[in-house]
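The values are calculated or read from the model by the stated rules, or taken from the named source; none is laboratory data. On a predicted model such as this, the values are computed, not experimentally measured, just so you know. Glycine also receives a Cβ, built like all others from the backbone with ideal geometry; neighbour counts cover every protein chain displayed.
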Amino acid sequence: MAILVCGLVFFFGAHLTPTFPQFRARLVERLGLGPYKLAFAAVSLAGLVLIVLGVSAFRGAPGDARLWSPPPWTRHLAFALMLPAFVLIASAYIPSRIRDRAGHPMLAAIIIWAVAHLLANGDLLALLLFGAFLAFALTDRMSVARRAVAPHLPAQGSGGDAAAVVAGVVLWAATLFWLHGLAGVPLR
């Protein structure tokens, strides 16, 4: 569990830095923008690697206690919730009215993803992993309003919406039928 917690601290420590604009500005001033970005990427990558290693080591370990037993229907709800989450992920990269309405679609997708997985899993590992992502996304979403985030150009027409939906459905299906199992967590 210690590896997982260290990974979460590294990963979210780096990702929460922009929520403290003055602290980030001091780091950029001290290091320079390029080295700051390199350090951000290195700490984030180290955190991600530790999260993956920690999840692998903690899954099924004696310390991974069952905290609650989710009803079977929560799995189906999680599958359904993941579809809009993937559409939001796609819309984060595709100019669309979906992106514009969501405001920050990647954070919205992380919130849906975390809630879906918390509903469908009842173990300590799920609570630590998905609970941390949920807390991060909610915190970052609230801080976006306080930060000076550069606006993007609004999307025109519905082509971007269609592209985001198609890409989201493809990602959802690929994850459901292939990628989730490839990650070592087959959907049963």
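Just a yes or no: is a residue in region 124-134 assigned to a helix (DSSP H, G or I), in contact (Cβ under 8 Å) with a residue 24 or more places away in the chain, surrounded by 13 or more Cβ atoms within 10 Å (Cβ to Cβ) and over 15 Å from the mean Cα position of the chain (by Cα)?
For region 124-134, residues assigned to a helix (DSSP H, G or I), in contact (Cβ under 8 Å) with a residue 24 or more places away in the chain, surrounded by 13 or more Cβ atoms within 10 Å (Cβ to Cβ) and over 15 Å from the mean Cα position of the chain (by Cα): present.
Matching residues to (1) surrounded by 12 or more Cβ atoms within 10 Å (Cβ to Cβ); (2) in contact with a strand residue (DSSP E or B) (Cβ under 9 Å, 6 or more places away or on another chain); (3) under 19 Å from Ala183 (Cα atoms); (4) of a type in the set (A, V, I, L, M, F, W, C):
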residue	(1), (2), (3), (4)
Phe20	yes, no, no, yes
Lys37	yes, no, no, no
Leu48	yes, no, yes, yes
Arg66	no, yes, no, no
Leu83	yes, no, yes, yes
Phe86	yes, no, yes, yes
Tyr93	yes, no, no, no
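Quick check: is even one residue across region 90-110 in a helix (DSSP H, G or I), in contact (Cβ under 8 Å) with a residue 12 or more places away in the chain, closer than 22 Å to Leu124 by Cβ and not assigned by TED's automatic domain parsing to the domain that holds Ala2?
Checking region 90-110: at least one residue is in a helix (DSSP H, G or I), in contact (Cβ under 8 Å) with a residue 12 or more places away in the chain, closer than 22 Å to Leu124 by Cβ and not assigned by TED's automatic domain parsing to the domain that holds Ala2.
Residues in region 38-81 that are of a type in the set (D, E, K, R) and in a helix (DSSP H, G or I): how many?
Matching residues across region 38-81 total 1.
Could you tell me which numbered condition Arg97 fails, if it satisfies all but one of (1) in contact with a Gly (Cβ under 8 Å, 6 or more places away or on another chain); (2) surrounded by fewer than 18 Cβ atoms within 10 Å (Cβ to Cβ); (3) farther than 22 Å from Val169 by Cβ?
Going through the list (1) in contact with a Gly (Cβ under 8 Å, 6 or more places away or on another chain); (2) surrounded by fewer than 18 Cβ atoms within 10 Å (Cβ to Cβ); (3) farther than 22 Å from Val169 by Cβ, Arg97 breaks only (3).
Residues that are part of a helix (DSSP H, G or I), over 21 Å from Leu118 (Cα atoms) and touching a residue at least 60 places away in the same chain (Cβ under 8 Å): does region 21-37 have at least one?
There is at least one residue in region 21-37 that is part of a helix (DSSP H, G or I), over 21 Å from Leu118 (Cα atoms) and touching a residue at least 60 places away in the same chain (Cβ under 8 Å).
Going by the structure shown, is Pro71 without any contact (Cβ under 8 Å) to a residue 60 or more places away in the chain and out of contact with any Leu (no Cβ under 6 Å at 6 or more places or on another chain)?
The answer is yes for Pro71.
So, in region 123-157, how many residues would count as being modelled with pLDDT under 75 and among the basic types (Lys, Arg)?
Residues in region 123-157 being modelled with pLDDT under 75 and among the basic types (Lys, Arg): 2 in total.
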